1. Can you pull out the GluC sites (Glu not before Pro) in the range 10-111 whose DSSP state is coil and whose Cβ has at most 13 other Cβ atoms within 10 Å?
2. So which trypsin sites (Lys or Arg not before Pro) in the range 1-58 end up in coil per DSSP with only 12 or fewer other C-beta atoms within 10 Å?
3. Just tell me which lysines come within less than 27 Å, Cα to Cα, of Lys161; anything on the same chain fewer than 8 places away is out.
4. Output wanted: per-residue J couplings in Hz (rounded whole) for the range 113-129, from phi through Karplus 6.51 cos²θ - 1.76 cosθ + 1.60, θ = phi - 60°, x for Gly and Pro.
5. Please determine, in degrees from 0 to 90 and to the nearest 10, the orientation of helix 56-76 with respect to the longest principal axis defined by the Cα atoms of the chain, where the helix direction is its Cα long axis.
6. Output ³J(HN,Hα) for the range 149-160: one whole-Hz value per residue in order, computed from phi by the Karplus curve 6.51 cos²θ - 1.76 cosθ + 1.60 with θ = phi - 60°, and x for Gly and Pro.
7. Give the aspartates and glutamates reachable from Lys78 as a straight Cα distance under 19 Å; neighbours fewer than 8 places away on the same chain don't count.
8. Which of Lys24/Lys119; Lys137/Lys160; Lys24/Lys137; Lys31/Lys119 have a Cα-Cα distance over 28 Å?
Amino acid sequence: MILRRVARPLLAAIFISGGIGALKDTQGHAKAAEPFLTESFDKLEGVVPEAVPRDPATLVRIDAAVKVGAGLALAAGKAPRLASLLLLGSLVPTTLAAHRFWEIKEPAERQQQQIQFIKNAGLAGGLLLAAADTAGKPSLGWRAKRAASKTEKRAEKLAKKAEKAISK
């Protein structure tokens, strides 16, 4: 459908652009994310496996790679539901790290960060829609229920045939 061919690249563009920007200025992004990351890792002590990197620059690079890779996949329509979920998983911590408007005292800066937070919330909504979009095909839930129903009907038919064969 033409709507998907237009909407997916439009939605993906901000993530691809943001990922490239983060790769170009990894240290700047890492410095901005560091307070959030430190706070998060402190709160999740013992929960986050030791194998998870804690270096902000490394995490920024990983996040940027996810944004670029999943953004390109979404734009191209390759595994768009998975790509949307990956982008959503990247968007939430990025938003919480970069747009903490509730901590800002200066009104103009607070308003600017609140706008960015709400914009990201809107992007999250678009990603949720893209993740749920089955492109006109029945959902996995519907297909599973249908398969179960067909199996049940076949089993009933076989049981009736068996009863007839036994009663003869």
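What follows is calculated from the coordinates using simple rules that are stated; it is not laboratory data. Because the structure is a prediction, the values reported are computed rather than measured. Cβ coordinates were reconstructed from backbone atoms using ideal geometry, including for glycine residues, and neighbour counts include every protein chain displayed.
1. When the GluC sites (Glu not before Pro) of the range 10-111 are filtered for loop state and at most 13 Cβ neighbours within 10 Å, Glu45, Glu50 remain.
2. Arg54
3. Of all the lysines, those that pass the test against Lys161 - Cα under 27 Å, at least 8 places apart if same chain - are Lys145, Lys150, Lys153.
4. Running phi through 6.51 cos²θ - 1.76 cosθ + 1.60 with θ = phi - 60° gives 5, 5, 4, 5, 4, 5, 4, 5, 4, x, 4, 4, x, x, 5, 4, 4 Hz.
5. 50 degrees
6. 5, 4, 5, 4, 5, 5, 5, 5, 4, 5, 5, 5
7. Answer for Lys78, where 19 Å is the Cα cut-off: Asp133, listed by chain and number.
8. The pairs that break the limit, which is 28 Å between Cα atoms, are Lys137/Lys160; Lys24/Lys137.
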